[in-house]
Each structure stands twice: as C-alpha cells, then as structure tokens.
1. Nearest 5 percent is fine: what portion of the DSSP beta bridges confined to the chain is antiparallel?
2. By average Cβ neighbour count within 10 Å, what is the ranking of 24-36, 52-64, 143-155 from highest down?
3. From the Cα gyration tensor of the stretch 1-54, with a ≥ b ≥ c the square roots of its eigenvalues, which class applies: rounded if a/c is under 1.5, or else prolate if a/b is larger than b/c, or else oblate?
4. Along the stretch 10-19, what does the Karplus equation 6.51 cos²θ - 1.76 cosθ + 1.60 (θ = phi - 60°) give for ³J(HN,Hα), rounded to whole Hz, x for Gly and Pro?
5. What list of ³J(HN,Hα) couplings, whole Hz, do you get for the stretch 111-125 from phi and the Karplus terms 6.51, -1.76, 1.60, once you set θ to phi - 60° and write x for glycine and proline?
6. What share of Cα pairs, in percent, lie more than 30 angstrom apart in the chain?
7. Subtract the Cα-Cα distance of Arg88 and Met156 from 0.36 nm times their separation in residues, and report this length gain in nm to one decimal.
8. At 7 Å along the Cα-to-beta-carbon direction for both Ala23 and Lys108, put a label point, then send me their distance in nm to one decimal.
Amino acid sequence: MVNEIAEILIKYNAIKFGEFTLASGAKSTYYIDIKTASTNPMLLREIGKAIADKYGSEFEVVAGVAVGAVPIAVAVSLAANKPYCIIRKEEKDHGLAGKIVGDIKDKKVLLVEDVVTSGGSVVYGIEALKNGGAIIGKVVTVVDREQGGAEKLKGMGVELNSLVRASEIMNRK
C-alpha cells in the first residue's frame, strides 16, 4: 500500500522542488502538494480507500481540519461508509456557531491530515475535537515529513500514522 500511494503521489506531481516556506515556518527544498493533487478523483479515491481499509474498524467518525484535510475526510467517509466532520480554522459566531461541523460527542474520531511536518495543524485539530467531546487517540496523515510531528503528538497521547513517509517518496523520485 505504501508503495502504491508513493507512486501515485509522484505520478500526479505532488512533489515540487525549489525554495519553500512551510506552514510551520520552516524552509524546505521540496513541497508536498497534496491539496492540489487531491483534486484528481483517482488520487483522492485511492487515499480514502487506503485509510478506510487500514483504519476503518478503529473509528466512528473521520475528521479533517479545513481546508486541506476535508477532501481526505470525505473520501475516507465514503470509502468506510461512516460520517465525517469538519474542523473550522476559526470558530464561527453566526448561524450554528462552533468549530466543529458534525456529531463527535462521545464518539471515537480518526483525524486525517494531508501532510504533517511539525504537527501544528494536527494539534489544533486534536484540541478542537477533545474540546468538542470526541475520543481521539490516532491521527492518519497521507505524508509524514518526519520533522517532529509524531513526537509532538506522542507527547499528547496521540499516535501518528502515515500512508507514506517523505523519505520513502524522496527515495523513489
């Protein structure tokens, strides 16, 4: 499975080379652009299926932080035939206010992410889910850049799993 996902990410040009500033503020000579690559239905379907097949028995609801992880959460939801929720970047103060769209209270939730570097976005998601009453012990990312995210989550009592590690993609390129 890992090999298939790595090959698909390479095939759909999800790896860009140059000078980039990541969301964490770190500088990098490569960028993993799953947001754009996941606009391809074949790639998105494969990612959703891979996560649902491997982790589907471990959750009741799948969650994604807006914007990048939402398509992945939807793909996993469809593949696993389970509900999903959206974690907003900012709490809404009108309409049905709140950070979470979807029912998570007292449910076992799997948080998905496109790429984890330092884990900042994932930490935000975990905290929002816990504050909303969810039970969360695992995060699945498409790509782990292997730059401290797993260690940060471990310190929170949450396990980070990935479909592929950046080193595996870079070794295939």
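Read-outs: derived from the displayed coordinates by stated rules, not from any lab. What you see is a predicted model; the values in this text were computed from it and never measured. Cβ: placed from backbone, ideal geometry, glycine included. Neighbour counts: every protein chain shown.
1. Working: 8 of 28 bridges.
So the antiparallel bridges amount to about 30 percent of the total.
2. On the way: 24-36: 15.4, 52-64: 19.5, 143-155: 17.9.
In descending order of packing, they fall as 52-64, 143-155, 24-36.
3. Details: a/c = 2.25, a/b = 2.03, b/c = 1.11.
In terms of gyration-tensor shape, prolate.
4. Karplus-based 3J(HN,Hα) across the stretch 10-19 equals 5, 4, 9, 6, 7, 9, 10, 10, x, 10 Hz.
5. 8, 10, 9, 7, 9, 10, 10, 8, x, x, 5, 5, 4, 4, x
6. Values: 1828 of 14878 pairs.
Result: 12 percent of Cα pairs exceed 30 Å.
7. Details: separation 68, 0.36 × 68 = 24.48 nm, distance 2.09 nm.
Length difference between fully extended and current span is 22.4 nm.
8. 2.6 nm
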